[in-house]
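The values are calculated or read from the model by the stated rules, or taken from the named source; none is laboratory data. The model shown is predicted, which means the values in this text are computed figures rather than measured ones. Note that we place each Cβ from the backbone using ideal geometry, even for glycine, and neighbour counts take in every protein chain shown.
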Amino acid sequence: MTGYDIRCVPVSETSVMLYLADVIDAGLAPAVGETARAILDELPEVREVTPSYTSILVEVGSLGSDFEALAGALSAIACRVLETGESELLGKLIELPVYYDPEVGEDLESLAEFAGLSVDEVIGIHTGREYSVCAIGFAPGFAFLGEVDERIAMPRQVTPRSHVPAGSVGIAGRQTAVYPADTPGGWQLIGNCPVSLYDPENDPPSPLEVGDRVRFCPIEREVFLERGGHV
Amino acid sequence: MSERLPGLVVLQAGVQSSMQDLGRFGMAGQGVSQGGSMDLHAHCWANRLLGNNANDATIELAVGMAKIRAESDLQLAITGAEMLAELDGSPVGNWCSFPIKRGQVLSLKAARSGMRAYLAVAGGFLLDKQFGSVSAVARNQLGKVLQEGDVLCARGVGACMSRQVPSRFVPRYDDAIELRVIESYQISQFTPEQLKSFYAASFTLTPDIDRMGARLEGAGVVAPEVGIISEGIALGAIQIPPDGQPIILLNDRQTLGGYPKLGCVARVDLPKLVQARPGAGVKFVPVTLSDACSEWREFCDYFAI
């Protein structure tokens, strides 16, 4: 890994931001995820970590006069993870089944038209690679996955839909994601995944963590319904 | 010695009354919000009056208009917004603890000053924690938003004295507030002129204030035209969206955001904001990180957080 630039700056009385890079790179996700986990495991004063594309917000009970010591410890963990490169082997690979069809993916046909491809080609390209979980946010379990092949990249809807059903698989620019719950949203919808990505009764509530890898597998309507999907 | 007592029965829940403790930590990586009592000062005093731990749950009454019946003899405390509490029709002082006998009904009116009141029970409420906290975050389907008929069990404790918060610690909830700002995040991307106009501006708190955040309106602050990579949002972060109207992010905020932020409101000033009514005037002044940190540590030490 090259080109990383570790900086640690205070944000509030209880939080500091650890920046690992200045530009988005899906290849950085495993290191961000592993650094966040290691910080939470190794530093007892840390009570919360919020990993994102290039940064980790770290929260402690209160920033004492020892900010420099904390910043040093955080940077040291990040350096260690980035330099060993072991993190790239640590992310889980999760396969998510998707029923790709206009009846659950309202924008599948218009995306194919936008891309100048057939619907089957769009599905083949979307399922044809592994994605990295770069960040989880927007809503619990909503994982920003990067990056989709340029050929099927498409901007968000100009006006977001007021209702996107849970399980919807969408594309926005070169990102793709599964909506864990019914919510408003503006991504281009191409299918639906019957696996729950946020259930507060489970521990952990979401199977995904930053740094994990996701591969989508196409399933037929019948299998989709059997696995709890709704049309 | 403690025992499980049938504590309180909710006869009338009010609007968005919820159980809150100090919040849920360690789950932001999955996109789960922290939650927790919005007015930490009032929450901590309600528990302290009863000898509870600061992290014991209180009922956060967001609007008031609630009625609660005791199923056992208990000691309660109420702090925060003035909701003219009555026990079987007799007035009960705010910022006080008081005994309630089995069968008695505590009723609260709509808030007269302030917005949120906190009700604690001696020994604490007995609630199942989810991921280390009982805090309700409705959007995340976690914790408990009160509904008519709910029974809230309490940990039984022996008799305790009725006490009152010393008047010097009882805040007055004003309709003009000043919030101190720890400058951080994208502050260096705002020009000196943009910052000058931010600190000179008088903002108004809009009705758009809830557990996620508070929207202000005013002359407007020009936001820097830079793309921000989505990053973690700290409590009290001041976000400047393209329309220039600041949003202060509160307990149930999203974990990540991509708008420029010029810093965070000092934590000890947040109670003023969450108790202010829509229409209140809001001004900002800068504070140094070290001053804000010392005040926050003093607060934490005082309440043993």
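Entry remark, segment A:12-65: residues being part of a helix (DSSP H, G or I) and not acidic (Asp, Glu) number 14 in total.
Applying the criterion of being within 8 Å of chain A (Cβ to nearest Cβ) and in contact (Cβ under 8 Å) with a residue 40 or more places away in the chain to the residues of segment B:264-297, the residue that is surrounded by the most Cβ atoms within 10 Å (Cβ to Cβ) is B:264. The single condition among (1) crowded, with 20+ Cβ neighbours inside 10 Å; (2) modelled with pLDDT of 95 or more that residue A:53 does not meet is (2). When residue B:255 is tested against (1) farther than 20 Å from residue B:287 by Cα; (2) away from every other protein chain (no Cβ under 14 Å); (3) within 22 Å of the chain's Cα centre (by Cα); (4) not hydrophobic (A, V, I, L, M, F, W, C), exactly one condition is not met: (2). One residue stands out in segment A:203-215 among those that are crowded, with 20+ Cβ neighbours inside 10 Å and not in a strand (DSSP E or B): the one that is farthest from the chain's Cα centre (by Cα), namely A:205. Taking the conditions exactly as written (within 14 Å of chain A (Cβ to nearest Cβ), under 30 Å from residue B:285 (Cα atoms) and not hydroxyl-bearing (Ser, Thr, Tyr)), does residue B:182 satisfy them or not? Judged against the criteria, residue B:182 is a match.
Results for (1) closer than 14 Å to residue A:31 by Cβ; (2) of a type in the set (A, V, I, L, M, F, W, C); (3) under 21 Å from the mean Cα position of the chain (by Cα); (4) not in a loop (DSSP other than H, G, I, E, B), shown as yes or no for each residue.
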{"position": "A:79", "(1), (2), (3), (4)": "yes, yes, no, yes"}
{"position": "A:82", "(1), (2), (3), (4)": "yes, yes, yes, yes"}
{"position": "A:91", "(1), (2), (3), (4)": "yes, no, yes, no"}
{"position": "A:104", "(1), (2), (3), (4)": "no, yes, no, no"}
{"position": "A:129", "(1), (2), (3), (4)": "no, no, yes, no"}
{"position": "A:133", "(1), (2), (3), (4)": "yes, yes, yes, yes"}
{"position": "A:145", "(1), (2), (3), (4)": "no, yes, yes, yes"}
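So that you can scan it fast, the table gives a plain yes or no per residue for (1) assigned by TED's automatic domain parsing to the domain that holds residue B:25; (2) small (Gly, Ala, Ser); (3) closer than 24 Å to residue B:82 by Cα:
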{"site": "B:130", "(1), (2), (3)": "yes, no, no"}
{"site": "B:133", "(1), (2), (3)": "yes, yes, no"}
{"site": "B:145", "(1), (2), (3)": "yes, no, yes"}
{"site": "B:153", "(1), (2), (3)": "yes, no, no"}
{"site": "B:156", "(1), (2), (3)": "yes, yes, no"}
{"site": "B:163", "(1), (2), (3)": "yes, no, yes"}
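Taking the criterion of being in contact (Cβ under 8 Å) with a residue 60 or more places away in the chain and not in a loop (DSSP other than H, G, I, E, B), the residues of segment A:147-169 that qualify are A:168, A:169.
In this structure, residue A:168 qualifies as modelled with pLDDT of 95 or more, outside the structural domain of residue A:18 (by TED's automatic domain parsing) and in contact with a Cys (Cβ under 9 Å, 6 or more places away or on another chain).
Is at least one residue of segment A:61-75 over 26 Å from residue B:32 (Cβ atoms), hydroxyl-bearing (Ser, Thr, Tyr) and touching a strand residue (DSSP E or B) at 6+ places or on another chain (Cβ under 9 Å)? Yes, segment A:61-75 has at least one match. Scanning segment A:55-104 for residues that are among the aromatic types (Phe, Trp, Tyr) and not assigned by TED's automatic domain parsing to the domain that holds residue A:28 yields A:99, A:100.
Among the residues of segment A:175-202, the ones that are within 14 Å of chain B (Cβ to nearest Cβ) and crowded, with 16+ Cβ neighbours inside 10 Å come to 13 in all. Once segment B:271-290 is narrowed to residues that are hydrophobic (A, V, I, L, M, F, W, C) and part of a strand (DSSP E or B), the residue that is nearest to the chain's Cα centre (by Cα) is B:282. Whenever a residue of segment A:23-40 is basic (Lys, Arg), its partners that are surrounded by fewer than 24 Cβ atoms within 10 Å (Cβ to Cβ), lying with C-beta atoms within less than 8 angstrom and at least six residues away or across chains, give the pairs A:37/A:209.
On the given criteria, is residue A:166 small (Gly, Ala, Ser) and within 14 Å of chain B (Cβ to nearest Cβ)? So residue A:166 passes the test.
When the test is whether a residue is closer than 22 Å to residue A:37 by Cα and either modelled with pLDDT of 95 or more or touching a strand residue (DSSP E or B) at 6+ places or on another chain (Cβ under 7 Å) (or both), residue A:78 passes it. Among the residues of segment A:216-231, are any surrounded by fewer than 24 Cβ atoms within 10 Å (Cβ to Cβ), touching a helix residue (DSSP H, G or I) at 6+ places or on another chain (Cβ under 8 Å) and more than 14 Å from every other protein chain (Cβ to nearest Cβ)? Yes: one or more hits. So which residues in segment A:180-215 are β-branched (Val, Ile, Thr) and either within 17 Å of residue B:140 (Cα to Cα) or out of contact with any helix residue (DSSP H, G or I) (no Cβ under 8 Å at 6 or more places or on another chain) (or both), if there are any at all? Across segment A:180-215, the qualifying residues are A:183, A:195, A:214. Applying the selection to segment A:1-57, what residues are of a type in the set (S, T, N, Q) and either within 12 Å of chain B (Cβ to nearest Cβ) or closer than 29 Å to residue B:265 by Cα (or both)? Selection gives A:12, A:14, A:15, A:35, A:50, A:52, A:54, A:55.
Residue A:107 - would you say it is in contact with a strand residue (DSSP E or B) (Cβ under 6 Å, 6 or more places away or on another chain) and within 23 Å of residue A:125 (Cα to Cα)? Spelling it out, residue A:107 is indeed in contact with a strand residue (DSSP E or B) (Cβ under 6 Å, 6 or more places away or on another chain) and within 23 Å of residue A:125 (Cα to Cα). Applying the criterion of being among the aliphatic types (A, V, I, L, M) and out of contact with any Gly (no Cβ under 8 Å at 6 or more places or on another chain) to the residues of segment A:124-137, the residue that is farthest from the other protein chains (Cβ to nearest Cβ) is A:125.
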